[in-house]
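Engineer: Just dropping this structure here.
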Amino acid sequence: MQYAWWHDAVVYQIYPRSFYDTNDDGIGDLNGIIEKLDYLHWLGVNVLWLSPVYQSPMDDNGYDISDYCAIAPEFGTMEDMTRLIDKAGSLGIKIVMDLVVNHTSDEHPWFQAALQDKNSPYRDFYIWRDAKPDGSAPDDQGSIFGGSAWQWEPNTEQYYFHLFSKRQPDLNWENPAVHDAVYKMMNWWIDKGIGGFRLDVIDLIGKEIDKGITGNGPRLHPLLQAMNQATFGGKDLLTVGETWGATPEIAKLYSAPDRDELSMVFQFEHITVTWKDGDKWQPVPLDVAALKQVLFKWQQELADTGWNSLFWNNHDLPRAVSKFGHDGEYRTRSAKMLATTLHLMKGTPYIYQGEEIAMTNVAFPSIDDYQDIETRNFYDLRVAEGVDPDTMMEAVYQNSRDNARTPMQWENAPQAGFTQGTPWLPVNPNYTTINVARATENSGSVLYHYRELIKLRKQYQ
Ligand code: GLC
Ligand code: CA
């Protein structure tokens, strides 16, 4: 296998909103990341993947982008971004950007133009269909965030398609003009010196909705090959696709080097093994034997062709130590066990912010304390369908995305040292004992364990 730098890299994922706030508005920012670069360098990671920091109305915390080439003011400016890329670069750390091109925000100028005028060249950037004769939606496809995937638009009297919130209209990847616009934007970022892309829900762009196909559509791999050629191909960048529907066979299509698609993909089989019938709101107790089988299978299947990404958690998932370990008495031991298991497998490991100090899930008293659009939507939907509110709340405690999004716990100080203001999402009350400052003082901490694992990987590359 031909060597690539990302084969022995360790990636650290930052959810900027919750990482470190430098101007007291309760929201983490790019300057906050810059201030913590020395910590990340000390930890030893070589890549930072940033969840989206682009201009956005924040309906889905930035996964709804209204300008791909601007930074959201709450995160900072493009100058800050350039400084981050440069300063990280001087420490040998690359920045991987989140590429969200299955959809845009409804506030993106492309969608605004499409809304105004059926004859706009941007109309066909999105997916429009007529109503059925009775006025109802074209079909019964559902949104991943709950409800119909179709939204009626009264001005031009058609429905548009959205696999996530109605404020995240899907781009029409059957339109070559969409490819060109996206490639141009990607090349703009590549020219700024970034280290690669994490491609958000990329397995959805080959959709053929008139046939009811959304994930793994027939055009998916040709689309990725074309994107590779027009943008990151041959530039030695790390590209990782988020692919919920990937089997090992499919993962090889994406990541076999001779296919010129992506470096690697995130597959989710070790996550969904903790869900009943693919439904995260029906968590089932962890079946360790089943989990082991999944991990083995992926190691074996991608041993010779393709490449695995290794992760326990991210901004959409519960905290690993709470889900796969024990977040009470055995928190430290089980977190080290999970870290060791993951980092000694073949593939590129990803650490999600706070994982290195074994941050845990949170249990806010009321659903109103939750901010995540998916959590709120599904709570309302399921309770309306008759699910007992306490049962639903238990599912939220287990699997809500906000478990991962509580502010980073830096020290035993007000708001965990994350902000001097009021954090956008409450801190986990256990910050008094679980925090970076405390872990730094103790060479037996989970933090030092991660640092050693990262060192080992560098030593034995
Ligand atoms: C991905 C992101 C998630 C987001 C969704 C829609 O799954 O990780 O946070 O809500 O795509 O962009
Ligand atoms: Ca801030």
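The values are calculated or read from the model by the stated rules, or taken from the named source; none is laboratory data. Small disclaimer: the values here were computed from a predicted structure and weren't measured. Cβ coordinates were reconstructed from backbone atoms using ideal geometry, including for glycine residues, and neighbour counts include every protein chain displayed. Ligands, DNA and RNA are stripped out before the accessible areas are found, and what is left, the full protein with its side chains, is counted by its heavy atoms. Shrake-Rupley method; radii C 1.70, N 1.55, O 1.52, S 1.80 Å.
Engineer: Whole-Hz ³J(HN,Hα) for each residue in the range 409-422, computed from phi via Karplus 6.51 cos²θ - 1.76 cosθ + 1.60 with θ = phi - 60°, x for glycine and proline: what do you get?
Structural biologist: Once θ is set to phi - 60°, the couplings for the range 409-422 become 9, 8, 7, 7, 8, x, 6, 6, x, 6, 8, 8, x, 9 Hz.
Engineer: When the Karplus curve 6.51 cos²θ - 1.76 cosθ + 1.60 is applied with θ = phi - 60°, which whole-Hz ³J(HN,Hα) does each residue of the range 107-121 get, with x for Gly and Pro?
Structural biologist: 8, 5, x, 4, 6, 4, 5, 5, 5, 6, 8, 4, 9, 5, x
Engineer: Then there is this: Can you give the angle from 0 to 90° between the axis of helix 176-191 and the longest principal axis of the chain, with both taken from C-alpha atoms, to the nearest 10?
Structural biologist: That helix lies at roughly 30 degrees to the long axis.
Engineer: Cut-off under 18 Å on the C-alpha distance; same-chain residues fewer than 8 positions from K36 excluded. Which lysines are left, in chain and number order?
Structural biologist: The qualifying lysines are K87, K94.
Engineer: Once every DSSP H run of n ≥ 4 in the chain is given -39500 (n - 2.57) and the sum is divided by its residues, what mean residue ellipticity at 222 nm do you get, rounded to the nearest 500 deg cm²/dmol?
Structural biologist: Values: 16 runs with 150 residues, N = 461.
Here the helix-only value at 222 nm equals -9500 deg cm²/dmol.
Engineer: Roughly speaking, what is the centre-to-centre gap between the range 413-461 and the range 182-260 when only Cα atoms are used, to the nearest Å?
Structural biologist: 33 Å
Engineer: How large is log10 I(q)/I(0) at q = 0.17, 0.22, 0.28 Å⁻¹ when the Debye formula is applied to the Cα atoms of the range 174-222, each weighted equally and without solvent?
Structural biologist: Here the Debye-derived log intensity ratios amount to -0.62, -0.88, -1.08.
Engineer: Name the residue farthest towards the positive end of the dipole of the range 323-461 from the options Y330, Y350, Q461, assuming +1 on Cβ of Lys and Arg, -1 on Cβ of Asp and Glu, about the Cα centre.
Structural biologist: Final value for the positive-end residue is Q461.
Engineer: Then there's this: Across the range 130-249, how many lysine pairs, 8 or more positions apart or on different chains, have C-alpha atoms separated by under 23 Å? Please give the number.
Structural biologist: Close lysine pairs under the 23 Å cut-off: 9.
Engineer: Kindly express, to the nearest 10 degrees and within the range 0 to 90, the angle between helix 446-459's C-alpha long axis and the longest C-alpha principal axis of the chain.
Structural biologist: 80 degrees
Engineer: Pull up all non-local amide H partners of G196: gap of 5 or more, or a different chain, and H-to-H distance under 5 Å with H placed in the peptide plane.
Structural biologist: M97, L238
Engineer: Now a separate question. Fully extended, how many nm does the chain gain between W42 and A230 (0.36 nm per residue separation, minus their Cα-Cα distance)? Intermediate results must be reported in sequence, preceding the final value.
Structural biologist: Working: separation 188, 0.36 × 188 = 67.68 nm, distance 3.61 nm.
Extra length available between W42 and A230 comes to 64.1 nm.
Engineer: Mean projection of the alpha-carbon convex hull of the range 109-161 over all orientations, in nm²?
Structural biologist: For the range 109-161, the mean projected area of the Cα convex hull comes to 3.9 nm².
Engineer: With only Lys, Arg, Asp and Glu charged, each at its Cβ (+1 for the first two, -1 for the last two), find how big the charge dipole of the chain is about the Cα centre; round to the nearest 20 debye.
Structural biologist: For this selection, approximately 1620 debye.
Engineer: Using the heavy atoms of the protein chains and a 1.4 angstrom probe, tell me the accessible area per residue for the range 109-161 in square angstrom.
Structural biologist: Accessible area per residue, the range 109-161: 53 Å².
Engineer: I'd like the distance separating the alpha-carbon centroids of the range 51-71 and the range 289-334, in whole Å.
Structural biologist: If you average the Cα positions of each part, the centres end up 29 Å apart.
Engineer: Please give the helix 373-384 orientation as an angle from the longest Cα principal axis of the chain, in degrees from 0 to 90, rounded to the nearest 10.
Structural biologist: 70 degrees
Engineer: Still on this model: In the chain, carbon and sulfur make up what percent of the accessible area (probe 1.4 Å)? Mind showing how you got there, number by number?
Structural biologist: Details: 8970 of 18280 Å².
For the chain, the apolar C and S fraction of the accessible surface comes to 49 percent.
Engineer: I want the antiparallel fraction of DSSP beta bridges within the chain, as a percent rounded to 5.
Structural biologist: 35 percent
Engineer: Amide H neighbours of L171 under 5 Å, at least 5 residues apart or on other chains, H built in the peptide plane: list them.
Structural biologist: Distant-sequence amide H within range of L171: H103, T104.
Engineer: Starting from the Cα of K458, draw a straight line to each of the aspartates and glutamates and keep only those under 12 Å, dropping any in the same chain fewer than 8 residues away.
Structural biologist: Counting by Cα, and skipping residues close in sequence, K458 has these aspartates and glutamates nearby: D8.
Engineer: Something else: Using all alpha carbons of the chain, what is the percent of pairwise distances in each 20 Å bin, ordered from the shortest bin to the longest?
Structural biologist: Reading the bins upward from 0: 24, 61, 15, 0.
Engineer: Under a 5 Å amide H to amide H cut-off, with H placed in plane at 1.01 Å, what residues pair with L310 once short-range neighbours are removed?
Structural biologist: For L310, whose amide H was placed from the backbone, the distant partners under 5 Å are T348, Y350.
Engineer: Once label points are set 7 Å from the Cα along Cα→Cβ at both Q116 and A131, what is their separation, rounded to one decimal in nm?
Structural biologist: According to this spin-label approximation, the distance is 2.5 nm.
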